[in-house]
1. Measuring from centroid to centroid over Cα atoms, what is the spacing of the stretch 233-276 and the stretch 39-77 in Å?
2. Rank-order 107-117, 241-251 by packing density, defined as the average count of other C-beta atoms within 10 Å over each peptide's residues, highest first.
3. Tell me, how many Å apart are the Cα centres for the stretch 129-204 and for the stretch 83-105?
4. Please state the charge dipole magnitude for the stretch 244-362, taken about the Cα centre, from unit charges on C-beta atoms (+1 on K and R, -1 on D and E), reported in debye and rounded to the nearest 20.
5. Using +1 at the C-beta of Lys and Arg and -1 at the C-beta of Asp and Glu, which of SER25, TYR270, PRO122 has the Cα lying farthest in the positive direction of the dipole of the chain?
6. Take each uninterrupted DSSP H stretch in the chain, measure its Cα extent along the helix axis, and return the ones at 24 Å or beyond whose mean Kyte-Doolittle hydropathy is at least -0.5.
7. Do any trypsin sites (Lys or Arg not before Pro) in the stretch 323-358 lie in a loop, going by DSSP, with at most 15 other beta-carbon atoms within 10 Å of their beta carbon, and if so which?
8. Any chance you could list the semi-axes, whole Å, largest first, of the equivalent ellipsoid that the Cα gyration tensor gives for the stretch 28-70, using √(5λ)?
Amino acid sequence: MEKKKIYVTEPFLPPLDEYTDKLKSIWQKNRLTNDGPLVQELEEKLAGRFDVDHVLFLNNGTTALQIAINILGLKGEIITTPFSYVATTSSIVWENCKPVFVDIDSETLNIDPAKIEEKITPSTTGIIATHVFGNPCDIEKIEELASRHNLKVIFDAAHCFGTTYKGASVFNRGDLSITSFHATKVFQTVEGGAIFTGDDKVAERVKYMRNFGHDGFGRFNGVGINGKNSEIHAAMGLCNLKYIDEVMEVRREQCQYYNSRLDQITGITYQKTSEDACVIPAYYPIIFKSEQKLLRVMNALESSGISPRRYFYPSLNLLDYVEGNSMPVAEDVSVRILCLPLFHNLKRSEQDLILEIILKNMDLE
Ligand SMILES: *Cc1c(COP(=O)(O)O)cnc(C)c1O
């Protein structure tokens, strides 16, 4: 039998019969999309879970970012982090704004608030910061800077399902927060994303914007795009919600196990998480002393059928479609950081295999 490959992640899937039951209800109603009952139910359940006034379910997290930039009227320069998934930067460029990078803190891996102010110019209109690997940014500092300079704040909270900051969901923060429900995230709807806001007016605009601006038949309220999501996707979300607490708990245990075995070795460091936060692990990143050491461990894992992921790599200031000032910290971290496999069905024996390979290859100096 061919050996099973171990990927960096695998989606959690609900029991198939529970999903097909939901599909039956869709077949009975013959309603597939356009703000259907399952989309509404999912939005209500998520709003309740996170204690946010409005959750707008969208077709993915990237559309959520683009709508967020558009709705807040951001123009000109947007201050952002070079250490995130490419969508954080590309959506700024897609919305015809200029990303202005501010380097990250070497311990938290989030945008360094102490370096933001020097990058603010008369053209700056907003800040888009990512809570990297679910670790909340220095939210108060960023919000304080933004209010002093009259800037809007968007938090890319794509990794933050379940993450709380000072006891409340991080989805409540900023002018608005966005997340992703992509198949690779802790909570998935196959493809999907959301905007979270406490502002009734913003929520209403998002509803128009995700639906071409339609205001009833033949009438339009502003320009829009198609950012809707479907009943089929909402059904996946509703089924997964039933299991999400268990999914989060298992990930925590898996991380604790990695920690307990890797703690013994020097030469690996970790992201420092905020003391005010409770982070649900979306990833298990480890930081090597050099890229050479990372490559040695990564190649050893790969040759045993294990695929970790260099995440985030490369540093986004190096993209060829942005103006690239050097970002020494992000460039240095991005070549030394590796995410180990972490997903619901990852077995203890598979973790042991991964750990053995790492431990063996760390000894060779
Ligand atoms: C996944 C992700 C996105 C994009 O979400 P999609 O739903 O895949 O479009 C944006 N930002 C970050 C930090 C992500 O990890």
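Derivation of every value follows stated rules applied to the coordinates shown; laboratory data play no part. Treat the numbers as computed from the prediction; the structure is a model and nothing was measured. Counting neighbours? That spans all protein chains shown, and the Cβs are built from the backbone with ideal geometry, glycine included.
1. Going from one Cα centre to the other spans 24 Å.
2. Descending mean neighbour count gives 107-117, 241-251.
3. The two parts, judged by their Cα centres, are 15 Å apart.
4. I would put it at about 440 debye.
5. It is SER25, whose Cα lies furthest towards the positive end.
6. Span-like helices here: none at all.
7. Passing both the DSSP loop test and the Cβ count: LYS347.
8. After scaling each eigenvalue by five and taking roots: 21, 16, 7 Å.
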